[in-house]
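Below is one structure, written out as structure tokens; comments come after it.
The values are calculated or read from the model by the stated rules, or taken from the named source; none is laboratory data. These numbers were taken from a predicted model, which means no experiment stands behind them. Quick reminder, even Gly has a Cβ in these numbers, built from the backbone with ideal geometry, and neighbours come from all protein chains shown. Just so you know, the surface numbers come from the protein's heavy atoms only, side chains and all, with ligands and any DNA or RNA stripped out. Shrake-Rupley method; radii C 1.70, N 1.55, O 1.52, S 1.80 Å.
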Amino acid sequence: MRIVSGSARGRRLVAPQGDKTRPTSDFVREAIFNSLQSLVDLDGADVADVFAGTGALGIEALSRGARTCVFVERDRDAVDAIRRNLATTKLDGGRVVHADALRWVATHGNRFDVAFADPPYDYHDWAVIGGLDADVLVVESDREVDVGAHWAVQRTKRYGTTVVTLFVPRRPM
């Protein structure tokens, strides 16, 4: 697994041992960021990477010019991997929060240009994720999901067993 583009392009990322963490493949990350280009300017953006795992999505955003990224992850081994990956890439602006993602989403109150949510595939509480305050919400799952009435689907694409959905806030009628 490597950073696809930007200032840290080609840097190798580590993942925790075992199968508790499911890193987003380089191919899927590249497709996500290609889709994001038409929706948001990452240069100077504030980003959240919730259920961060290895931190690959947020680190990719920092590499492509995001100003800040909050990485939220509860698994200690994954938190350590994120910290190692940030050190390896030498990217500034990353803040790692060792916390339960659902509690963090419910209490944080920050606004983001982009929020990534890549929970375990057996996750079902999508309305909580819909509580994130962002211009674009990128959700990775094994199926199409509904994150609540506040969000409109901008794009959904399947990559093998992975389904990526980009949501934007629904505009009032």
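Which condition breaks for residue 49 when tested against (1) within 21 Å of residue 155 (Cα to Cα); (2) surrounded by fewer than 16 Cβ atoms within 10 Å (Cβ to Cβ)?
Failing condition for residue 49: (2).
Residue 107: open to solvent by 10 Å² or more (accessible area, probe 1.4 Å), within 19 Å of residue 29 (Cα to Cα) and not basic (Lys, Arg), yes or no? Spell out how you get there, then give the answer.
Details: open to solvent by 10 Å² or more (accessible area, probe 1.4 Å): yes; within 19 Å of residue 29 (Cα to Cα): no; not basic (Lys, Arg): yes.
No; evaluated as a whole, the condition is false for this residue.
Identify, from the list 32, 3, the residue that is β-branched (Val, Ile, Thr) and under 21 Å from residue 142 (Cβ atoms).
Values: 3 fails: under 21 Å from residue 142 (Cβ atoms).
Among 32, 3, only 32 is β-branched (Val, Ile, Thr) and under 21 Å from residue 142 (Cβ atoms).
Got at least one residue in segment 26-43 being open to solvent by 30 Å² or more (accessible area, probe 1.4 Å) and within 12 Å of the chain's Cα centre (by Cα)? Walk me through it before giving the result.
Residues of segment 26-43 open to solvent by 30 Å² or more (accessible area, probe 1.4 Å): 26-27, 30, 34, 37-39, 41, 43.
In the following step, the residues that additionally are within 12 Å of the chain's Cα centre (by Cα) were identified as none.
No, the conditions are met nowhere in segment 26-43.
Is there a residue in segment 95-104 that is surrounded by 15 or more Cβ atoms within 10 Å (Cβ to Cβ), touching a Gly at 6+ places or on another chain (Cβ under 6 Å) and either of a type outside the set (Gly, Ala, Ser) or on the phi > 0 side of the Ramachandran plot (or both)? Lay out the reasoning, then the answer.
So in segment 95-104, the residues surrounded by 15 or more Cβ atoms within 10 Å (Cβ to Cβ) come out as 96-99, 101-102, 104.
Next, from what is left, pick out any that are touching a Gly at 6+ places or on another chain (Cβ under 6 Å): none.
No: zero hits.
Could you grab the pairs with beta carbons closer than 7 Å, sequence gap of 6+ or different chains, first residue in segment 79-102 and within 14 Å of residue 57 (Cα to Cα), second one modelled with pLDDT under 95 and open to solvent by 30 Å² or more (accessible area, probe 1.4 Å)?
Filtered contacts from segment 79-102: 81/14; 81/15; 85/14; 89/11.
Determine whether residue 137 is closer than 18 Å to residue 162 by Cβ and modelled with pLDDT of 95 or more. Quick ask: steps written out before the conclusion?
Values: closer than 18 Å to residue 162 by Cβ: yes; modelled with pLDDT of 95 or more: yes.
Considered against the rule, which asks whether it is closer than 18 Å to residue 162 by Cβ and modelled with pLDDT of 95 or more, residue 137 comes out as yes.
Kindly indicate whether residue 14 is assigned to a loop (DSSP other than H, G, I, E, B), more than 22 Å from residue 125 (Cβ to Cβ) and of a type in the set (A, V, I, L, M).
On the way: assigned to a loop (DSSP other than H, G, I, E, B): yes; more than 22 Å from residue 125 (Cβ to Cβ): yes; of a type in the set (A, V, I, L, M): yes.
So residue 14 fits the description; yes.
Please specify each residue of segment 64-94 satisfying the condition of being within 14 Å of the chain's Cα centre (by Cα) and either surrounded by fewer than 21 Cβ atoms within 10 Å (Cβ to Cβ) or basic (Lys, Arg) (or both).
64, 68
Between residues in segment 30-59 that are farther than 17 Å from residue 3 by Cα and residues that are open to solvent by 20 Å² or more (accessible area, probe 1.4 Å) and small (Gly, Ala, Ser), which pairs lie under 8 Å by C-beta distance while being six or more apart or on different chains?
These pairs meet every condition: 44/65; 45/65.
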